[in-house]
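Quick note: the coordinates plus some simple rules give every number you see, no bench work behind them. No experiment lies behind these values; they were computed from the predicted model shown. Reconstructed Cβ throughout: ideal geometry from the backbone, glycine too, with neighbour counts over all protein chains shown.
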Amino acid sequence: MKTRAERRHHHKRMLERVKDFVLYKFGWTEDEKAKHQRKIAENRQVCSCHMCRNPRHSAFHKGKDRLTMQERRALQEDTDDVQL
């Protein structure tokens, strides 16, 4: 069971780790920057854009682009075996 001190330690460590991740928008106050930093530290998955998420769930990708990297490698290996 984690102690309160351990949870605080890890939360502080994650805040330091994501300090460089925080995207500072023009016009943000220090409070808004700190709130955004805490949000990222509590849940590291901050983005759901077409580049960061599973390609199968993205409307941006079509056809073979929807395959995951593992599926592409397997498909490439299959085509390499056929050419031999």
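Gain in length, D78 to F60, computed as 0.36 nm per residue apart minus the alpha-carbon separation, to one decimal in nm?
This chain segment gains 3.8 nm when fully extended.
Please rank D65, D81, fewest neighbouring Cβ atoms within 10 Å first, as an exposure proxy.
Going from least to most buried by this count: D81, D65.
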